[in-house]
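> I'd like to ask you about the structure that follows.
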Amino acid sequence: MNRLAKQVAAILALGTLMVMLDVTVTVVAIPRLTESFDTNLSTMQWVTTAYALALVAVMPMAAWAIARFGAGRVYITALTLFVVGSTLAGLAWNVESLIAFRAVQGLGGGFLQPVGMTIALQLVDERHRGKMMGWLGLPLMIGPVLGPTLGGVLVDSVGWRSLFLINVPLGIVAIVLAVKLFPRTTGSERRPLDWAGLLLLAPGGALLVFGLSRAGDHGDPLTPQVLVPSGLGVGLLALFVLRTTRSARPLLDLRLLRRRSLAVGAASMLLVGGAYFGSMMILPIYVQAVRGDSATAAGLLMIGQALTTGVVVQIATRLVDRIDPRRVVWFGIGITVVAMSLMTSVLAVDTSYVAIAGIGILMGVGIGSTFMPIMTAALRGITGPDLASGTTILTTGNQFAAAIGAAASATLLTAYFNSRVPMLDDGGMAAALGLPTVERLLAAPGLAGAVADTYVLTLGMLVAGFGVSLFLPKSGAAPGPDTPQKSTQAMASDAAG
């Protein structure tokens, strides 16, 4: 990687870090925000939900926007919109304005990851893709872990407005550097936006994510509040897939999934990502509901995992440039399975935080060896205009994985809480988090058992992800700059291989 590529990678990493932090940074602030705006918890949850829905709604447009306007121009515009949304959210005067401005943040943030990944991978040949993915993967993996910790510190020491205003100076610096350093590119295609596809995919994805987010409220995924939006979302997404097969220029070219590497990589990421993001919401509940400690303490407990992930991802992504990526992926998933199994086995009312942190570090080794190597393997051989579609497919799938994993874990955990701790009166996680000290101590054994058993779900998703990853096509070290690359027309033969 040359100096320019490293500088651009650093800018992109900063942008991705801001977006990923904002996914979880508000979690610990919800009670404070509820009090400040004198509203109820269900309304305030929309501060998080609106951001997530906006991310999912616009992310599939990234490939079209890159082709139409150029990746650099799209990225700078999206980053500017994200900074504007952050500024307005920090100045919000009521809960309705805060929710609206969080959606503005999401509309900008949804473009940053797929567009940024396209910019980065276009700057390097395939010999250095793994190293570049290491830079991009650092904020992607540690952002959700650091979010609650940073949020707790900011809320306690500065106030809730700082959660959003902290993005402003960082974002301005990133914009100035991007304008100065990003390659000057223009759109390669003057094709119109596939409005029909957008009107199917954007609301379809948003409805599915919204429905899944409601599943954890009562521990029952079969309620109308879950089934109606989720069913509508699945229906719209199915129509989008059907349209894609018949459209000459679809919004998102799913025909790229004929490549076995991309199809298997996307499926593996959906399962492994679901397990990872699902497990991320379990431990904070254990720390707060079972042990009675703060969300900030839960975040601090996960710092070791975040740091380990950041270090290991740099090593793992460099290895995939030199050896068959499958070996790195299989090692990573295997280590993560061991860590998740240990968490299921040892978690109890009085489990040492040192032991939990140690398991988290082991999990960091596994996750750091899994995510970005899978993405690197999935995108191997994809170049030119297809690269934007490939990165958009993977990053959009990653958002769905996060929603599915979190919803599945929340639903099962709530169901376990309600069935094993009668004093919660079917109040689920909210009731568990609000128990007085004496009642919490009485309920702690049942709550701890419920948390440990919920990890079995994420463990199962990991095992399934490992099984799918076995079908990744064999490949050696990344090809050099003179090695011929496969074109889109070679997808059919690649799928057969």
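The values are calculated or read from the model by the stated rules, or taken from the named source; none is laboratory data. Since this is a predicted model, take the numbers as computed values, not measurements. Quick reminder, even Gly has a Cβ in these numbers, built from the backbone with ideal geometry, and neighbours come from all protein chains shown.
> So in region 214-259, with the set limited to residues that are of a type in the set (Val, Ile, Thr) and within 28 Å of PRO473 (Cβ to Cβ), which one is modelled with the highest pLDDT? Give the steps one after another, and end with the answer.
Start the filter on region 214-259 by keeping residues that are of a type in the set (Val, Ile, Thr), which leaves 223, 226, 228, 234, 241, 244-245.
This time we only want the ones that are within 28 Å of PRO473 (Cβ to Cβ), so: 241, 244-245.
Numbers: VAL241: 86, THR244: 81, THR245: 78.
Only one residue tops the list, namely VAL241.
> Could I ask something else about it? Taking the stated definitions as given, is LEU121 under 22 Å from ASP321 (Cβ atoms) and either at pLDDT below 90 or part of a helix (DSSP H, G or I) (or both)?
Against the criterion (under 22 Å from ASP321 (Cβ atoms) and either at pLDDT below 90 or part of a helix (DSSP H, G or I) (or both)), LEU121 qualifies.
> Answer with yes or no whether ALA89 is modelled with pLDDT of 80 or more and under 23 Å from ASN398 (Cβ atoms).
Details: modelled with pLDDT of 80 or more: yes; under 23 Å from ASN398 (Cβ atoms): no.
Judged against the criteria, ALA89 is not a match.
> Being outside any helix (DSSP H, G or I) and farther than 30 Å from GLU439 by Cβ is the filter here; which residues of region 283-329 pass it? I'd like the intermediate steps shown before the answer.
Initially, region 283-329 is screened for residues outside any helix (DSSP H, G or I), giving 291-294, 302, 320-324.
Correct list: VAL320, ASP321, ARG322, ILE323, ASP324.
Results for (1) more than 17 Å from ALA50 (Cα to Cα); (2) surrounded by fewer than 20 Cβ atoms within 10 Å (Cβ to Cβ), shown as yes or no for each residue.
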| position | (1), (2) |
| --- | --- |
| SER86 | no, no |
| GLY90 | no, yes |
| ASN94 | no, yes |
| VAL104 | no, no |
| GLY109 | no, no |
| ALA120 | yes, no |
| GLU126 | yes, no |
| GLY130 | yes, no |
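> Considering only helices (runs of 4 or more DSSP H) fully contained in region 352-424, which possess at least 1 residues that are charged (D, E, K, R) and in the same structural domain as LEU307 (by TED's automatic domain parsing)?
Passing ranges, in order: 385-420.
> Now for a different question. What do you reckon, is ALA444 surrounded by 14 or more Cβ atoms within 10 Å (Cβ to Cβ), modelled with pLDDT under 85, within 31 Å of the chain's Cα centre (by Cα) and not in a loop (DSSP other than H, G, I, E, B)? It would help to see each step written out before you state the result.
Working: surrounded by 14 or more Cβ atoms within 10 Å (Cβ to Cβ): yes; modelled with pLDDT under 85: no; within 31 Å of the chain's Cα centre (by Cα): yes; not in a loop (DSSP other than H, G, I, E, B): yes.
In short, no.
> In region 229-273, what residues are closer than 19 Å to ALA403 by Cβ, in contact with a helix residue (DSSP H, G or I) (Cβ under 7 Å, 6 or more places away or on another chain) and without any contact (Cβ under 8 Å) to a residue 60 or more places away in the chain?
PRO229, SER230, LEU232, GLY233, VAL234, LEU236, LEU237, PHE240, VAL241
> Let me ask another. Which residue pairs have Cβ atoms under 7 Å apart, sit 6 or more places apart or on different chains, and have a first residue in region 415-429 that is surrounded by fewer than 19 Cβ atoms within 10 Å (Cβ to Cβ) and a second that is among the hydroxyl-bearing types (Ser, Thr, Tyr) and in a helix (DSSP H, G or I)?
The qualifying pairs do not exist here.
> Determine if region 107-116 includes at least one residue that is within 20 Å of THR395 (Cβ to Cβ), in a helix (DSSP H, G or I) and either modelled with pLDDT under 85 or among the polar types (S, T, N, Q) (or both). It would help to see each step written out before you state the result.
Here is the first cut: in region 107-116, the ones within 20 Å of THR395 (Cβ to Cβ) are 107-116.
If we keep only those that are in a helix (DSSP H, G or I) too, we end up with 107-116.
Add one more test, that the residue is either modelled with pLDDT under 85 or among the polar types (S, T, N, Q) (or both), and what stays is 113.
For region 107-116, residues within 20 Å of THR395 (Cβ to Cβ), in a helix (DSSP H, G or I) and either modelled with pLDDT under 85 or among the polar types (S, T, N, Q) (or both): present.
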